[in-house]
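Undergrad: Before I ask anything, let me first share the structure, which is written out below as structure tokens.
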Amino acid sequence: MDLLYNDEIVDSRTEKIGLRTFRLERRFEKRNQEFKLYVNEVPVFINGTNHIALDILHSKDYLRQQKEIELAVECNCNMIRCWGGNVYPETEFYDLCDEHGILVWQDFTFGNSNYPQTEGFFDTVYDEAEKVIKKFRNHASLVLWCGDNEIDTTVDGYWYPDGKSKYNRISREVLEKAVQQNDPFRVYLKSSPEIPEGFDSYNVPEQHIWGPRAYFKDDFYKHVTAKFVAEAGYHGCPGMESLKKYIPEKDLWPIEGNKTWAHHSTEDYLIEDIIGRRNTLMANQVRILVGRIPDDLETFIKVSQVSQAEAFKFFIERTRIKKWDMTGILWWNLLDGWPGISDATVDYYFNKKLVFDVIRRVQEPVCVMLDEIKGWERAVYVANDTNSDKYVKFKVFEYEDSKLLVQGDINIERGKNKKIGEFFEIPGSKKLYIIEWTFDDRKYRNHYMAGYPSFETDTILKWYKVIKELD
């Protein structure tokens, strides 16, 4: 683009641009909610993740940026949410998302806190927001702005009279005005989740599904009311190779009551009565799966990673099976920004936990999945998130004896999902099922771990190896 004066070029600017439309269909109604995204008037089901600061030293983010987007592409993400407790990403982040067709949800950097409600602070906020909007608004990947992370949720009963989020003028006035004046054709959400008066965190269309973080298939997670999930995660222990880089040998085991582990928790609590709170949570999630804490760290790591992988798998597959009753999930999170113990699927050193490849399989654009058992039957579903009809051949068999349970083929329409079979199962049976399907002359595999905890540790270790080597 050139700027001319008296037929002479006095300034020029070169940018990559993309042309597309985007809209969000959203309704806040007690029994008729909606949160559906459309690109070029085509509804898009979201399989995505959350982006946090890539390094504790922000100046080093650029060294990790390309690898982060490569990981997102590898595990079949079509959206990344830049979380509000974050720093703003570099322009390269948006360039890479443009190139790879990844949609971006950008929170303004306000999160989980009470900010001053003064005119002077409002002016500072507007000035920063205006600069950020102008920096990123020409990127086709950017589809929506959001005022903050979880401030609507956390104000309830804490910071404002009667717990009403309407008193937060930053999200209700300042940032909304900044978007209207500088990027008026993009969607603006006041908060994530946004909670209007008369609603709460778990009866709005877009939700963060954290809850008790106990068994990942308990009633809280089974009966999610969200149309769209913008956060959901589960802890998983990093591998031994990574742990040894930042935890001295003498402090590696046991983890509970361990101040060194607590220091690397996502919440650094060194107070004795709550030491390593999230590490204790992770240990209790292992207890749920196998009934006890294993005797050694290597076994603990593998069981913890199975626990995490099965939780993410359940969250994503439940969302996909309920398409379009649910319209997507942004799980927490892709990559750690420092050597920590967290929900991340890839640790700070770019070592993948078991969950990463499990997510990659269940986010394949065409995916065959097993539903939860109902009565004596377990249903088989196929989801097609591509823009063309697909011919799919599938089969499901037991891992232990290779017994074939169901097989078939189907032409599945674009953008649809469908029940394609079922098989008999004794409720509570502890089995590992293998699912295979082909489309476009390529074979894919998935698995399903049936039964209720607790499982034998040796069984989980055996299944860990099978799941890890499933491709």
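The values are calculated or read from the model by the stated rules, or taken from the named source; none is laboratory data. Treat the numbers as computed from the prediction; the structure is a model and nothing was measured. Virtual Cβ from ideal backbone geometry, glycine too; neighbours counted across all protein chains shown.
Undergrad: Applying the selection to region 174-213, what residues are under 30 Å from SER307 (Cβ atoms) and modelled with pLDDT of 95 or more?
TA: Step one: of region 174-213, the residues under 30 Å from SER307 (Cβ atoms) are 192-193, 200-213.
Passing the criteria: SER192, PRO193, VAL204, PRO205, GLU206, GLN207, HIS208, ILE209.
Undergrad: Follow-up. Select, from TYR452, TYR399, the only residue that is among the hydroxyl-bearing types (Ser, Thr, Tyr), under 26 Å from the mean Cα position of the chain (by Cα), more than 26 Å from VAL42 (Cβ to Cβ) and at pLDDT 95 or above.
TA: On the way: TYR399 fails: under 26 Å from the mean Cα position of the chain (by Cα).
Checking each option against the conditions leaves just TYR452.
Undergrad: Mind counting the residues in region 56-87 that are more than 29 Å from LYS313 (Cβ to Cβ) and either part of a loop (DSSP other than H, G, I, E, B) or not small (Gly, Ala, Ser) (or both)? Quick ask: steps written out before the conclusion?
TA: As a first pass, look at region 56-87 and keep what is more than 29 Å from LYS313 (Cβ to Cβ): 56-63, 87.
Right, trim to either part of a loop (DSSP other than H, G, I, E, B) or not small (Gly, Ala, Ser) (or both) and you get 56-58, 60-63, 87.
Final tally of qualifying residues: 8.
Undergrad: A further question on this structure: Of all residues in region 399-438 being over 19 Å from TRP463 (Cβ atoms) and small (Gly, Ala, Ser), which is surrounded by the fewest Cβ atoms within 10 Å (Cβ to Cβ)?
TA: Filtering region 399-438 for residues over 19 Å from TRP463 (Cβ atoms) gives 404, 406-424, 427, 437-438.
This time we only want the ones that are small (Gly, Ala, Ser), so: 408, 415, 421.
Numbers: GLY408: 13, GLY415: 18, GLY421: 20.
Per the stated criteria, the residue is GLY408.
Undergrad: Could you run through region 317-333 and say how many residues are crowded, with 24+ Cβ neighbours inside 10 Å and either under 18 Å from LEU57 (Cβ atoms) or touching a Cys at 6+ places or on another chain (Cβ under 8 Å) (or both)?
TA: Residues in region 317-333 being crowded, with 24+ Cβ neighbours inside 10 Å and either under 18 Å from LEU57 (Cβ atoms) or touching a Cys at 6+ places or on another chain (Cβ under 8 Å) (or both): 0 in total.
Undergrad: Taking ASN351 as the residue in question, decide whether it is surrounded by fewer than 19 Cβ atoms within 10 Å (Cβ to Cβ) and touching a helix residue (DSSP H, G or I) at 6+ places or on another chain (Cβ under 7 Å). Before the answer, list the steps.
TA: On the way: surrounded by fewer than 19 Cβ atoms within 10 Å (Cβ to Cβ): yes; touching a helix residue (DSSP H, G or I) at 6+ places or on another chain (Cβ under 7 Å): yes.
Answer is yes for this residue.
Undergrad: I've got another one for you. Tell me the strands (runs of 3 or more DSSP E) entirely within region 395-458 that contain at least 2 residues that are within 21 Å of ASP385 (Cα to Cα) and without any contact (Cβ under 8 Å) to a residue 40 or more places away in the chain. Spell out how you get there, then give the answer.
TA: On the way: elements: 404-412, 417-424, 431-439, 442-450.
Hits in region 395-458: 404-412, 442-450.
Undergrad: Kindly provide the set of residues from region 245-260 that are surrounded by 12 or more Cβ atoms within 10 Å (Cβ to Cβ) and either in contact with a Gly (Cβ under 6 Å, 6 or more places away or on another chain) or over 16 Å from ARG277 (Cα atoms) (or both), ordered by number.
TA: Selection gives LYS245, TYR246, ILE247, ASP251, LEU252, TRP253.
Undergrad: Report, by residue number, each residue of region 188-201 that is buried (at least 17 other Cβ atoms within 10 Å of the Cβ), more than 16 Å from VAL132 (Cβ to Cβ) and not small (Gly, Ala, Ser).
TA: Correct list: LYS190, PRO193, GLU194, ILE195, PHE199.
Undergrad: If you check GLY18, GLY48, which single one turns out to be touching a residue at least 24 places away in the same chain (Cβ under 8 Å), surrounded by 13 or more Cβ atoms within 10 Å (Cβ to Cβ) and within 15 Å of VAL143 (Cβ to Cβ)? Before the answer, list the steps.
TA: On the way: GLY18 fails: surrounded by 13 or more Cβ atoms within 10 Å (Cβ to Cβ).
Within the list GLY18, GLY48, the selection yields GLY48.
Undergrad: Follow-up question, since we're still on this one. Six or more apart or on different chains, Cβ atoms under 9 Å: show the pairs whose first residue is in region 101-129 and modelled with pLDDT of 95 or more and whose second is loosely packed, with under 12 Cβ neighbours inside 10 Å.
TA: From region 101-129, the pairs are PHE122/PRO116.
Undergrad: Now a separate question. Are any residues in region 88-138 assigned to a helix (DSSP H, G or I) and more than 26 Å from ASN78 (Cα to Cα), and if so, which ones? I'd like the intermediate steps shown before the answer.
TA: Step one: filter region 88-138 for residues assigned to a helix (DSSP H, G or I), giving 91-100, 119-136.
Within region 88-138, GLU119, GLY120, PHE121, PHE122, ASP123, THR124, VAL125, TYR126, ASP127, GLU128, GLU130, LYS131 qualify.
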